[in-house]
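S.K.: I have a structure here, written as structure tokens, and I will follow up with some questions on it.
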Amino acid sequence: MLGKKTSKDVVTFMDKALIIIIALRIMSGSIELTAAALMFKFNDLEKAFYINTLLALVGPVVLIVTTALALLGLAEKISLTRIICLFCGISLILFSLKSA
């Protein structure tokens, strides 16, 4: 049965996607805490600004990856209209970050 997905395959992918999303969020939070500790250690506004700028790259990447994984896992349950609305919302968030 090549090409046919059984409900067990979908549940397994959803479980894997959920574990990856959780791991990415833990990693992202750890990066944020490490950055805060470095800012505290350096005690310098210029270095804190530089570290914060680097963090601005991490957030959107994690947002895009986790959302994509969730949508792949839920693709059979979410209508195409909702998926398009989600991508439009994410695009607006990223656009607002870039233009700020």
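S.K.: Solvent-accessible area per residue for the chain at a 1.4 Å probe radius, Å²? Present the calculation step by step, with values, prior to reporting the outcome.
M.R.: Values: 7980 Å² over 100 residues.
Accessible area per residue, the chain: 80 Å².
S.K.: Please compute the modelled spin-label separation between R82 and A48, points set 7 Å along Cα→Cβ, answer in nm with one decimal.
M.R.: 4.2
S.K.: Which entry in (i) 20, 18, 12; (ii) 21, 14, 13; (iii) 35, 18, 7 matches semi-axes √(5λ) of the Cα gyration tensor in Å derived from the coordinates of this structure?
M.R.: The calculated read-out lines up with (iii).
S.K.: Counting pairs on different chains as well as pairs 8 or more places apart, how many Lys pairs in the chain have Cα atoms under 18 Å apart? Could you put the intermediate results ahead of the total?
M.R.: On the way: K4/K77; K5/K16; K5/K77; K8/K16; K8/K77; K16/K77.
For the chain, qualifying lysine pairs total 6.
S.K.: Could the peptides 36-42, 78-84 be put in order, highest first, of the mean number of other beta-carbon atoms found within 10 Å of their residues?
M.R.: Those peptides, ordered most packed to least, come out 36-42, 78-84.
S.K.: Additional query: May I ask you to order 43-55, 62-74 by the average number of other C-beta atoms within 10 Å around their residues, highest value first?
M.R.: In decreasing order of mean packing, 43-55, 62-74 become 62-74, 43-55.
S.K.: While we're on this one: Specify which residue in the list L71, F95, A56 is farthest towards the positive end of the charge dipole of the chain, using unit charges on the beta carbon of Lys, Arg (+1) and Asp, Glu (-1), about the Cα centre.
M.R.: L71
The values are calculated or read from the model by the stated rules, or taken from the named source; none is laboratory data. Quick caveat, the model's predicted, so the values are computed rather than measured. Heads up, the Cβs are rebuilt from the backbone with ideal geometry, glycines too, and the neighbour counts pull from every protein chain shown. Remember, those area values only see protein heavy atoms, side chains included, never the ligands or the DNA or RNA. Shrake-Rupley method; radii C 1.70, N 1.55, O 1.52, S 1.80 Å.
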